[in-house]
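Just below is one structure, and these are the notes that go with it.
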């Protein structure tokens, strides 16, 4: 499949996982748009200043646009601006999110639950909703959302996180059913522990070789975005490494 100049949005694209996905898709010829709160952060993350001018035209195409991913109006404007620039959106990869320190349910308040929903669920809901409005125009689109192992396996002391990520999985499956007659697909990837610098720092005594890598997740995203993946609908793809 020729992916040159296909238009992708990757949320959370400056994060440890997101940046690998952005670079992987861009390396395959896509034009990748990243919602960012800080353009300096985007420029620092994807700094190609060391590349020579002669190589400039061959650099991966990655673009940052200001956007608060937790704000619905910002997300709509972001998607509208991508379409104004490119005339379409082909792919969406939702990676933005975060977790919380361990809390027993008895010690969990509504603020924690609402915060996790805002960060993990609503960001995915907003981007998927507004990208979908353009997918339907062209009867084509691919959405891949990053879930989490606690979303599908009961995990003590992580209820707010589990609940918000379970919503992401259910959203993908519901949309897959609603749009099964169209060439628009929705799937979720469920990683266990991802091999990132932050996870290595917080779990120093673990065997890092057993963890799933960001590149492995990026490669799976690429497979799910291709035209040949049109039969992958509402799948929950476990990527647990050796954990």
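Residue 153 - would you say it is closer than 21 Å to residue 72 by Cβ, surrounded by fewer than 14 Cβ atoms within 10 Å (Cβ to Cβ) and either out of contact with any helix residue (DSSP H, G or I) (no Cβ under 9 Å at 6 or more places or on another chain) or without any contact (Cβ under 8 Å) to a residue 12 or more places away in the chain (or both)? Give the derivation first.
Values: closer than 21 Å to residue 72 by Cβ: no; surrounded by fewer than 14 Cβ atoms within 10 Å (Cβ to Cβ): yes; either out of contact with any helix residue (DSSP H, G or I) (no Cβ under 9 Å at 6 or more places or on another chain) or without any contact (Cβ under 8 Å) to a residue 12 or more places away in the chain (or both): yes.
No: the conditions fail for residue 153.
On the stretch given as the range 184-236, residues that are surrounded by fewer than 17 Cβ atoms within 10 Å (Cβ to Cβ) and in a strand (DSSP E or B) total 1.
Does residue 176 fit the bill of being touching a residue at least 40 places away in the same chain (Cβ under 8 Å), out of contact with any helix residue (DSSP H, G or I) (no Cβ under 9 Å at 6 or more places or on another chain) and buried (at least 18 other Cβ atoms within 10 Å of the Cβ)? Here the answer is yes, as residue 176 does meet what is asked.
Take residue 45 and tell me if it is loosely packed, with under 12 Cβ neighbours inside 10 Å and at pLDDT below 95.
Details: loosely packed, with under 12 Cβ neighbours inside 10 Å: no; at pLDDT below 95: yes.
For residue 45, the condition - loosely packed, with under 12 Cβ neighbours inside 10 Å and at pLDDT below 95 - is not met.
Residue-by-condition table, conditions (1) in a loop (DSSP other than H, G, I, E, B); (2) under 15 Å from the mean Cα position of the chain (by Cα); (3) buried (at least 17 other Cβ atoms within 10 Å of the Cβ):
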site: 111; (1), (2), (3): no, no, no
site: 114; (1), (2), (3): no, no, no
site: 133; (1), (2), (3): no, no, no
site: 136; (1), (2), (3): no, no, no
site: 145; (1), (2), (3): no, yes, yes
site: 180; (1), (2), (3): yes, no, no
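The values are calculated or read from the model by the stated rules, or taken from the named source; none is laboratory data. Remember, it's a predicted structure, so these values are computed and weren't measured experimentally. FYI the Cβ positions are ideal-geometry reconstructions off the backbone, even for glycines, and counts take in every protein chain you see.
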